[in-house]
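The values are calculated or read from the model by the stated rules, or taken from the named source; none is laboratory data. In this text, all values refer to a predicted model and were calculated from it rather than measured experimentally. Note that each Cβ is placed from the backbone with ideal geometry, even for glycine, and that neighbours are counted across all protein chains shown.
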There are 4 protein chains.
Amino acid sequence: MRVGMLTSGGDCQSLNATMRGVAKTLYNQRKDVEIIGFIEGYRGLIYEDYRIMKSKDFSGILTNGGTILGTSRQPFKLMRVPDENGLDKVEAMKNTYKKLKLDCLVVLGGNGSQKTTNLLRQEGLNVIGLPKTIDNDLWGTDVTFGFQSAINLATQTIDCIHTTAASHGRVFIVEIMGHKVGWLTLHAGIAGGADIILVPEIPYDINKVAAAVNKRAKEGKRFSIIAVAEGAISKEQAALSKKEYKKYIATRQYPSISYEIGAKISELTGQEVRVAVPGHMQRGGSPCPYDRVLSTRLGAAAGKMILDGEFGYLVGMKNNHIAKIPLADVAGKLKMIQPDDEMVQEAKLMGISFGD
Amino acid sequence: MRVGMLTSGGDCQSLNATMRGVAKTLYNQRKDVEIIGFIEGYRGLIYEDYRIMKSKDFSGILTNGGTILGTSRQPFKLMRVPDENGLDKVEAMKNTYKKLKLDCLVVLGGNGSQKTTNLLRQEGLNVIGLPKTIDNDLWGTDVTFGFQSAINLATQTIDCIHTTAASHGRVFIVEIMGHKVGWLTLHAGIAGGADIILVPEIPYDINKVAAAVNKRAKEGKRFSIIAVAEGAISKEQAALSKKEYKKYIATRQYPSISYEIGAKISELTGQEVRVAVPGHMQRGGSPCPYDRVLSTRLGAAAGKMILDGEFGYLVGMKNNHIAKIPLADVAGKLKMIQPDDEMVQEAKLMGISFGD
Amino acid sequence: MRVGMLTSGGDCQSLNATMRGVAKTLYNQRKDVEIIGFIEGYRGLIYEDYRIMKSKDFSGILTNGGTILGTSRQPFKLMRVPDENGLDKVEAMKNTYKKLKLDCLVVLGGNGSQKTTNLLRQEGLNVIGLPKTIDNDLWGTDVTFGFQSAINLATQTIDCIHTTAASHGRVFIVEIMGHKVGWLTLHAGIAGGADIILVPEIPYDINKVAAAVNKRAKEGKRFSIIAVAEGAISKEQAALSKKEYKKYIATRQYPSISYEIGAKISELTGQEVRVAVPGHMQRGGSPCPYDRVLSTRLGAAAGKMILDGEFGYLVGMKNNHIAKIPLADVAGKLKMIQPDDEMVQEAKLMGISFGD
Amino acid sequence: MRVGMLTSGGDCQSLNATMRGVAKTLYNQRKDVEIIGFIEGYRGLIYEDYRIMKSKDFSGILTNGGTILGTSRQPFKLMRVPDENGLDKVEAMKNTYKKLKLDCLVVLGGNGSQKTTNLLRQEGLNVIGLPKTIDNDLWGTDVTFGFQSAINLATQTIDCIHTTAASHGRVFIVEIMGHKVGWLTLHAGIAGGADIILVPEIPYDINKVAAAVNKRAKEGKRFSIIAVAEGAISKEQAALSKKEYKKYIATRQYPSISYEIGAKISELTGQEVRVAVPGHMQRGGSPCPYDRVLSTRLGAAAGKMILDGEFGYLVGMKNNHIAKIPLADVAGKLKMIQPDDEMVQEAKLMGISFGD
């Protein structure tokens, strides 16, 4: 039995732990297993760049961040476009799969990557997807690996900012990863005790944000913490056409939305405002125990499915149980915060403002 | 509106965060709220030891471990037994409740404490329970606060032991909290990459444990990590009558089961064995972001229920949603690992031994 | 005995631990001590904003970040300039000191703040300085509190970036606090395994930086980590007059030097470059054990000096012993990295480039 | 140039970082270097068990705990005793050294291991020692690697115990590693805010310890934290002859001194006392940034000395500078806490009791 494996898209904390789960299950259940690791995601599959993995390659990697296979971004929309040498990428991937006599290809990837996994499924390959993303935006699974580790790092940043904000009596904006969805900002914001949380799914009114800061000042609270998702958007911006919004982004005088919000809040409240942008560190470092357990479970379940010949699924979690979600259902959908989300409602009860 | 609050039983990491969630919700929703904090759990309720809490008492405590109210163990089975001065404790609690004109009593407690909460419910008081325990053994809720923080600390201990075990080529036993249930050991064991996991619900055969160690040695792995719950039990011990088991415990020549297992493994395998007992530190320190989010959500939901006049429930989580579990259903039941537990099966697929 | 205390300038991690050390020593040695805490640094001293501290105010604050007294920046060069109401600030501080019948004023502050402490000494007040700064740039002491905690946070950022850089095969620039001195960048850079370290004291040649990146690429190392101090400066910039340099900073098209370096490295090497700016979080959060020990020692030594009537000193560490450095010697001097610094030489031996 | 390397004795956190420092320096300075890694300390040198290390073996290990070479304890006093097959170990080590044509042997080890290093020096080998120990008890160097990382873990344990002790109003004893010296307990005790610190160098009077607990209780402090070194000793025990003390240890009814102290304190004060024994985890896990910097510096300095042909030294730190301490001076001496130690005096000023 020969199983191909690759990690695709932006990296996150628990990729190695997940691959270890798959590998340990396969090696433990069958003697005749060979795992082929493709280098740097789909690039390795397209260009036959791979190495044959041994059992010991998966030892001692449970706690290691990053991915031992490397990764790269191979946009789905370019998959059908030939490369600079005229190579048909989809055919190339199919050829590699056949040439190496793979019984299955396991893809650890996020939303975009799983679209390609589904494409390969449609092309007749045996594929299994595993939900990698700090954004937790994969449709069909309650949770993705990397998410909790990223929450921990983003929350730690807010914790650190908290003491300096309180000491100086400042308004602090912490920009948290998430261009299209706000799960990471929502969780880290609540965990870090943010006073205001701005996410892409809930466009904000800058005056309401300023009012929330002023309300705290009036109550004698000298500082405020605002957790802002990278993709936070004002009501005015949300009302723009796609073209107009792109133009706005292109001509914006601030490096990111946080700085724009910061400038306006400073103007509207008269308070000193600072911005912190932890950035890529949110997807790095060692996976937290929660993610290690999740990854191990998902990996073991994927291993079992390979042994049972069940293909075409994303392996996720539904209601604390392993769930097999047809890749056809997953591809192209995003799991976003709904306006009536329970957690948002609870946060509002406590007085946290979403600026809406 | 007057709301009583107390923390009961062994402390854990997210008690303050939970109380903050309740308090912030109440203060934010109504102007006329007064919160009475009872000192050291039911002791404070019995003996009228309390202080009136202000809004600012709940500020800045989100990340603080322990409990600002203090706690004590007041065994359920002694509740109906008068104290040394002949005081009827149940009547005393009811009197305090009435005297202070409470509209509701909120109890943060584990299995034993919630039995008393249910007793007070039966006596006609308005009560709400919140699921505090690092053991995650409360019936009716998928998860309890304190659990994930304890997993993190227990896992960190295994991580640290891992490097020293590997360097010295030793067998290491890490004893993890949990007298009756093994959830904490199961999660930390998997997160820490333990090779063998022994929990109370799955009695072990010492020869199978030794065989698992020997198998690793034969594969060239110079060390093994065994995660053992405090309440781990051998098949022979599990077959004893209650009386016989108590006698065994009383006359055991080892400080705990881990040392007994260690001595036997050393004898059966000829390998050097060491035991680590992190102990109470597992329930201490700052709550992790997961627990802070959980506690904030449970607290806000409890606050809402108080405002809505919904009493008699434990507030927990079911399938990622807030759940109201009738206290009558919760009291006296333990949520234990079932032999066919999904996670146990996944771990076995990967070659982790449970000694059974 | 009445002792005034204030925290001045940018906050850091171990301010509370230091004040606790002073206070515990005073309360433990004399019954008649009263401590006056000035609110928000010299502002509180100028405007008589203070509170009388009790022994218990200093309990439980050893591990808390920030400062319980608040802080503010009161630039030394404005001290002799009257405020908007014509108030003479220096006279106001002296008046407060006298009015409150202080026996001594303890100032926790960095380079700028200690200049003011020295000014008050010259004006006849009994003062003691304590070396607060994450920059470790105070002249006369080997180490300052906050420094090691900031190293830990900056290093953690590099650690997290390391895994994502390695997975993606990217060049990553991590911008570390330090406008004038590079100690924090030097230590965190070495601790984080940075390949290139750029500090203000050693102007860089961008071509040598690019060459170091290319050398690694040639050796098959797909990624490089560059630790850059906020105040890193190129040889060309270092050759500018003060006026020209200010103009360059004012008209620079990048938010900070890191982005400028990033753009040039990308151009010169053809590699993908990303920038991470952890920012203010480096001065926040709980102090590390090293800083807690240092702060406790410095605080206790300061307490002893107050009891002994020894004033006019900065309390620091010299060769692992407490040192009393005359404030007159400290004021206005910076402790900078010397070109022949032992640590720089050791780093170079190992192949770390400083771009010089 | 051929350089042998081994790690000896109990492992600690920064062994890999130190070896990396040596190796990177050698590889960077000379093309013709070959490093021989002996497996499991002196055992590998005696029995010719080694592997030839490549440059990439030292990549990515800066943050890894344990030792990539493995370690074992080879007591100095048995070095002159032939093994079970009659092999003369010292001759065997010399033979291996000559056979492999080594130019130098680098030994990472603590007090006992460096005695053997000195023996090999006396036998004419070129040796360099590096100070490995969490105990910080190596004579001649201010600090050893592993020490600060162990402080961090021991302090974290005290931090966690602190919240649970405070919540329950209990006396907690935390047993910290250190049989002969108390540096680790002293530093972690102060960093963790312990109220009482008991170290081997300062025999305690149990009545004074109990008095310190009672004093706190009288001041309304419901809990006390006692940091106890493994080798803490009472005045009575200190007065015993070596033989009598050994007999006492052999017949002691408690697993360790902490339990004995706990039982007596409970008896003398009437308070509930608990004991926590973090154990071996104190020497495990990833090295902290402080140790990584220290290890890198010491390693680079050792590399330089090899290149310069300077042998027979332990490479340590004196007054923040690299120091070359003749191994002849180091062997057999322990650096212990002196009764008039500055830090002990400072702690006493603040009211911390040493039970003396």
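One table, with the values for the structure above:
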quantity	calculated
Options C:180, C:218, C:246: the member that is basic (Lys, Arg) and either within 30 Å of residue C:65 (Cβ to Cβ) or buried (at least 23 other Cβ atoms within 10 Å of the Cβ) (or both)	C:180
Among the residues listed as C:218, C:180, the single one being among the basic types (Lys, Arg), farther than 15 Å from residue C:347 by Cα and touching a residue at least 40 places away in the same chain (Cβ under 8 Å)	C:180
Some residue of the range B:184-201 being under 12 Å from residue B:231 (Cα atoms), in a loop (DSSP other than H, G, I, E, B), more than 9 Å from every other protein chain (Cβ to nearest Cβ) and not acidic (Asp, Glu)	yes
The range B:253-267: number of residues that are within 20 Å of residue B:213 (Cα to Cα) and either small (Gly, Ala, Ser) or touching a Ser or Thr at 6+ places or on another chain (Cβ under 8 Å) (or both)	4
Candidates B:140, B:70, B:86, filtered to the one that is in contact with a Leu (Cβ under 7 Å, 6 or more places away or on another chain) and on the phi > 0 side of the Ramachandran plot	B:140
Matching residues, the range C:218-252, being aromatic (Phe, Trp, Tyr) and in a helix (DSSP H, G or I)	C:245, C:248
Among the candidates B:164, B:157, residue that is of a type in the set (Val, Ile, Thr), farther than 23 Å from residue B:211 by Cα and either within 12 Å of chain D (Cβ to nearest Cβ) or crowded, with 24+ Cβ neighbours inside 10 Å (or both)	B:157
Given (1) more than 14 Å from chain D (Cβ to nearest Cβ); (2) small (Gly, Ala, Ser); (3) in contact (Cβ under 8 Å) with a residue 12 or more places away in the chain; (4) more than 30 Å from residue B:318 (Cα to Cα), number of the condition residue B:86 does not satisfy	(3)
Count of residues meeting criterion [closer than 14 Å to residue C:9 by Cα and among the aromatic types (Phe, Trp, Tyr)] in the range C:74-129	1
Residue within the range A:325-337 that is out of contact with any Ser or Thr (no Cβ under 7 Å at 6 or more places or on another chain) and acidic (Asp, Glu) present	yes
Among the candidates B:227, B:211, residue that is touching a helix residue (DSSP H, G or I) at 6+ places or on another chain (Cβ under 8 Å) and within 24 Å of residue B:186 (Cβ to Cβ)	B:227
Conditions (1) over 17 Å from the mean Cα position of the chain (by Cα); (2) modelled with pLDDT under 95; (3) within 14 Å of chain D (Cβ to nearest Cβ); number of the one not met by residue B:11	(1)
Residues (touching a Ser or Thr at 6+ places or on another chain (Cβ under 7 Å) and closer than 19 Å to residue A:61 by Cβ) located in the range A:274-293	A:283, A:284, A:285, A:286, A:287, A:288, A:289, A:291, A:292
Test result for residue C:292, out of contact with any Leu (no Cβ under 8 Å at 6 or more places or on another chain) and of a type in the set (D, E, K, R)	no
Breaking point among (1) touching a residue at least 40 places away in the same chain (Cβ under 8 Å); (2) out of contact with any Pro (no Cβ under 6 Å at 6 or more places or on another chain), for residue B:342	(1)
Enumeration of residues in the range A:143-154 that are among the β-branched types (Val, Ile, Thr) and either facing another protein chain (nearest Cβ under 10 Å) or in contact with a helix residue (DSSP H, G or I) (Cβ under 6 Å, 6 or more places away or on another chain) (or both)	A:143, A:151
Filter result (of a type in the set (Gly, Ala, Ser) and over 11 Å from residue A:193 (Cβ atoms)) within the range A:148-169	A:149, A:150, A:154, A:167, A:169
Residue C:347 buried (at least 18 other Cβ atoms within 10 Å of the Cβ), modelled with pLDDT under 95 and either of a type in the set (Ser, Thr, Tyr) or touching a Phe, Trp or Tyr at 6+ places or on another chain (Cβ under 9 Å) (or both)	no
Selection status of residue A:32, away from chain C (no Cβ under 14 Å), in contact (Cβ under 8 Å) with a residue 24 or more places away in the chain and outside any helix (DSSP H, G or I)	yes
Residue check, residue A:19 within 14 Å of chain C (Cβ to nearest Cβ) and not in a loop (DSSP other than H, G, I, E, B)	yes
Of all residues making up the range C:35-44, the number that are at negative phi and either surrounded by fewer than 18 Cβ atoms within 10 Å (Cβ to Cβ) or not in a helix (DSSP H, G or I) (or both)	5
Every residue from the range C:166-209 that is modelled with pLDDT under 95 and of a type in the set (Lys, Arg)	C:170
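Table: residues versus (1) farther than 30 Å from residue A:242 by Cα; (2) among the β-branched types (Val, Ile, Thr); (3) free of Cβ contacts under 8 Å to residues at least 12 places away in the same chain.
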position	(1), (2), (3)
A:127	yes, yes, no
A:141	no, yes, no
A:144	no, yes, no
A:169	yes, no, no
